[in-house]
Amino acid sequence: MNSSALFIKDFIAARTAEIAAGHRAGAGSFATCSSLTAMMDEAILLAYEQISSEQNQIAVLAIGGYGRGELCPKSDVDVMVLADDAKNKECAAAIAKQFLHLLWDTGIDVGHSVRTVKEAMALNGKEIDSWASMLESRFLCGNEALAQSFFVEMRRQVEKRKDKWFIEGVFEEARARHERFGNSAKLLEPNIKKSAGGLRDFQSIFWLYRANDPEFFFPIDARAAASRMFVDALVRNGVLDELESSVVLKALQFLFRARHEMHFRRQAPSDALEYALQREVAEALGFGAKAELHSVEVFMREYYLHARTIHRLYRNLSHKFREMIEPVRFSFSSTEKLNEIFFRVDDTLSVEPEIKRLTDATQILEAFALSAEHEIKLHVRLRRVIANGVDLFNDEQRRSSDLASLFRRILRSHRVAKTLHDMNELNVLAAYMPEWAELVAFFQHNMYHYFTADEHTLIAIANAERLREQQSVMREVFRNLRRKDTLYLTILLHDIAKPRGVADHEITGVEMAREILERIGMSDTFNDVAFLIRNHLVMEQVAFRRNIHDPATIKEFAAKFERPEQLDYLYLLTYADLSAVNINVWTEWKSWLLQELYQLTSEVLRRNLKGIQVDEFKQSRHEEAVGALVDRLSESLPRERVHEHLNGIQSDAYVALFTDEEIEQHIRKSGADETVSTIFTRQEGYTEITVIADDAPFALSKFCAVLSASDANIFDANIFTREDGVIIDRFRVSDAATKGELSQTACSKIANDLNEVMEGKLDIEHLFETHRRKWKRRQKPPANPNIRTDVQFEDNPRYTIIDVYAPDALGFLYRVTETISKLGLDIYFAKIATRVDGILDAFYVLDRAGSRITEPERQEAIRSEILATVKQISEQELSSQW
């Protein structure tokens, strides 16, 4: 490295350190952008001054984000080198190469292009990205007259207006970007640049205005971020008012400051606000705890609110450009008047252009009621008018019977979710229902909740509303609901108390709901809404953590309901809630479990069965099913052998869970010579593995270890032991990497390893340690320090149920089942539930004598041993340095 390159490198290192220190001391984000831009300008000028006297033959322009004067610590540095004509272009490229090589030697990765002015102008209509970057260009050094000729030509293009090609290109880029990085501004791991509400949304508006309106083609000054200058121009031209511009600038400053911290911290152009990074960024930017929220949750709530501001700005200001490229479909003379204020124009609800603000809150809710009932969108003009009048809501208005009537009309429409979403985006829902305001952008920092609480709730309502379009049991339940508004209202309020304390939100939410229902004139629904809020987590807990084919489970669950309709509501609420939590949470398997629980319980409730009647009914149904099964299987197997097999399994669940063909396989395989017979059935998204073998010490834990060592993630286990000691265990598993079905190779390995382990040919610890070393090389999801760790006991007429709560870890099920076996307990049934980063496993156990574990002292001893195992697993995870 020559002395010039070394000098520039040292200059950049020292200046970057100063800027980073200023940022950490609280410097404004625009100031940090300007400092980084000025530093790079000086470095490029230093390099440029080292080339020959022919340097005046070229003009060097900063383009893209660097051109806007909005450089971030690890942003791309892009320049365009202009030549005066095609004849001198080769010479210009050689000159550029001299000073760019000097910059590359310092470690600066400068992207560049060499063009004539004519070639640059020819890019219009061909390359969207290149044209957008040139719209942001700024003169750096060299022949200023040449640079000015370029700016003159660019302005001529802008003055033509209505650049349809470019407008369409920007919209297509935004569509594809939102599809890839997230259409919602309220995601668990947003991309601060490219997700909805990210910086690119704002830049897209900047490009659209700058490419189509000369008023916005102002010279860019490196000393002031172009985004700030653009917002000033929007105010100057009457597009935004002072209040709106202030909100937008605060949002931009927040996003830039967060991005600076991400770049400084990762020393890479990292724009994904990943789960593991969020806490670090929050604490570095000085976010402290507020009330029940941790620093990271306060920070992320701020992010979501600011991202919503930017995304809303993008939607509002991009509308005029959509109108430029779309054919005119209507005229105001052919509109349909809906009342004195509002009219329908095609598929939108609008107001007269001269109306800038509505006069009272009733008119605002009336707009939403009309939008809902006519199933039409709000025109962008009306959205602006509504946003300007949110301050019209006050306590007196909120208790108005007129507003209550309008809100009820929305809940009874066929456009509930979209209407409530619009109300939320425009802050109207929070203005009308102050309790909702606390839920807006409320963020739980864990990998399970993919959306903020308000977004989750509105997605849940949308999922419920879409049931009318589906073909399923849930659709029939939904269609037959007497009052769908009760369901929508319950979903809207089911998490209303979360900001006041997540732990008991289903309890505290009831009293909050009472006040809200009184205000909106729906107190008649309180008993049902209160029941559903209080129990909105119960159905998933029973379906996913208990043996739903155990009559005791159904009896206890059915006793919670006063009438069958409450079960209908809870079934749909549970689906809506779970399907809106996380993109990976809702599965066909969970759908089947909930449906099975619903149908079993519904039959009991609709027959009005109580107490022992439930046991008798279930026993009768079980005997009927077994009798019919014996008749069918006796056509291909000896009747006595079928009888022995079915009577030897003391569990109602067995007949319910397996098909005739599967049970026939079990009977045939149980007499085979193979030590372990394994049956693999590929389902959509997972694989069922049935293992048939003679009982042996620690058999279950060995099965779990083999599956874990083959990257088979167990999410459900049904364990059956015949009276003669034959084990029939079924595991539902997914591939740990792909989250889908197991490959044929993995299945073959599992079958082979199971036999070798049970025959003593393969040491389980050796197998497991080999697997652990392989996983050390893989990236582990970040740990959530808030994951619950506990062991609880629940009594059951036939078994003791042990619930184990713990962080997810490699081989967890193997180690825990091994510990349970060492404690002298037999596992008769298990429900395995992994919620992204946390585990809740339920084990139905008896001791070796066949007795339940009822003594408190023994329960405590078991609890201590299991917790010790969980702790050991966690410590192994940490020491492995994933």
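The values are calculated or read from the model by the stated rules, or taken from the named source; none is laboratory data. This one's a predicted model, so the numbers in the text were calculated from it and none came from an experiment. In this analysis, Cβ positions are derived from the backbone assuming ideal geometry, glycine residues included, and neighbour counts consider all displayed protein chains. All accessible areas refer to the heavy atoms of the entire protein, side chains included, with ligands and DNA or RNA removed. Shrake-Rupley method; radii C 1.70, N 1.55, O 1.52, S 1.80 Å.
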Rounded to the nearest 20 debye, what is the charge dipole size of segment 332-445 about its Cα centre when +1 sits on each Lys and Arg Cβ and -1 on each Asp and Glu Cβ?
200
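If R₀ is 30 angstrom, what is the calculated FRET efficiency for the pair E588 and D76, using the beta carbon separation as r and rounding to 0.05?
Values: r = 43 Å, r/R0 = 1.45.
Taking R0 as 30 Å, the efficiency between E588 and D76 is 0.10.
Using helices alone, what [θ] at 222 nm do you get for the chain, with -39,500 (n - 2.57) per DSSP H run of 4 or more residues, divided over all residues and rounded to the nearest 500? Write out the running numbers ahead of the final one.
Working: 38 runs with 485 residues, N = 882.
So the calculated ellipticity at 222 nm is -17500 deg cm²/dmol.
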Which value in nm describes the separation of the simple spin-label points at E723 and V538, placed 7 Å from the Cα toward the beta carbon?
3.7
Evaluate E = 1/(1 + (r/R0)^6) for R265 and W104, where r is the Cβ-Cβ distance and R0 equals 30 Å; express this FRET efficiency to the nearest 0.05.
0.75
How many Å² of accessible area per residue for the chain, probe 1.4 Å?
42
So how strong a dipole does segment 387-514 carry about its Cα centre when Lys and Arg Cβ are +1 and Asp and Glu Cβ are -1, to the nearest 20 debye?
740
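For the pairs K97/K194; K590/K749; K555/K831, note any where the Cα-Cα span goes beyond 30 Å. Display every interim value, and only then the final one.
On the way: K97/K194 32 Å; K590/K749 28 Å; K555/K831 19 Å.
Pairs exceeding the cut-off: K97/K194.
Compute the signed sum of charges (Lys and Arg +1, Asp and Glu -1) over the other residues within less than 9 Å, Cβ to Cβ, of A842. Write out the running numbers ahead of the final one.
Details: positive: R545, R546, K831; negative: E794, D803, D841.
The answer is 0.
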Roughly speaking, what is the stretch gain from E375 to T359, that is 0.36 nm per residue apart minus the C-alpha to C-alpha distance, in nm to one decimal?
3.3 nm
Estimated inter-spin distance, N394 and S851, nm [label 7 Å along Cα→Cβ]
7.3
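What's the ranking of 552-564, 19-31, 258-270 by average number of surrounding C-beta atoms within 10 Å, highest first?
258-270, 552-564, 19-31
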Here the gain from full extension of R155 to D129, 0.36 nm per residue of separation minus their alpha-carbon distance, amounts to 7.6 nm
Out of the total accessible area of the chain (probe 1.4 Å, heavy atoms of protein only), what percent is carbon and sulfur?
47
Please give me the summed charge of the neighbours of R475: other residues whose Cβ is under 11 Å from its Cβ, Lys and Arg +1, Asp and Glu -1.
+1
Selection from H643, L633, Q613, by position along the positive dipole direction of segment 606-654 (Cβ)
Q613
Which one of I95, S149, G107 is farthest out on the positive end of the charge dipole of segment 64-175, using unit charges on Cβ (Lys, Arg +1; Asp, Glu -1) and the Cα centre as origin?
S149
Starting with the highest mean, order 845-854, 413-422, 99-108 by the number of other Cβ atoms within 10 Å, averaged over the residues of each peptide.
413-422, 99-108, 845-854
So, in nm, how far is label E326 from label D631 when the simple model puts each one 7 Å beyond its Cα toward the Cβ?
6.3
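What full-extension length gain, to one decimal in nm, is calculated for E515 and A14 as 0.36 nm per residue of separation minus the Cα-Cα distance? Walk me through the numbers on the way to the answer.
Working: separation 501, 0.36 × 501 = 180.36 nm, distance 5.99 nm.
Contour length minus the Cα-Cα distance gives 174.4 nm.
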Might you report the magnitude of the Cβ-based charge dipole of segment 792-882 about its Cα centre, with Lys and Arg at +1 and Asp and Glu at -1, to the nearest 20 debye?
200
For segment 172-186, just list the computed ³J(HN,Hα) in residue order, Karplus coefficients 6.51, -1.76 and 1.60, θ = phi - 60°, integers in Hz, with x standing in for Gly and Pro.
5, 4, 5, 4, 5, 5, 5, 5, 7, 9, x, 7, 9, 7, 10
Under the Karplus relation with 6.51, -1.76 and 1.60 and θ = phi - 60°, whole-Hz ³J(HN,Hα) for segment 248-264, x at Gly and Pro, equal 5, 5, 4, 5, 5, 4, 5, 4, 5, 5, 5, 5, 4, 5, 4, 5, 4
Can you find, among A222, L249, N388, the residue farthest towards the positive end of the dipole of the chain? Put +1 on the C-beta of Lys and Arg, -1 on that of Asp and Glu.
A222
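Using packing as a proxy for protection, rank 605-618, 802-815 so that the peptide with the highest average count of other Cβ atoms within 10 Å comes first. Mind showing how you got there, number by number?
On the way: 605-618: 14.1, 802-815: 21.3.
Going from most to least packed, we get 802-815, 605-618.
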Under a cut-off of 28 Å between alpha-carbon atoms, report the lysines in cross-link reach of K356, not counting same-chain residues fewer than 8 places apart.
K162, K250, K320, K337, K377, K418
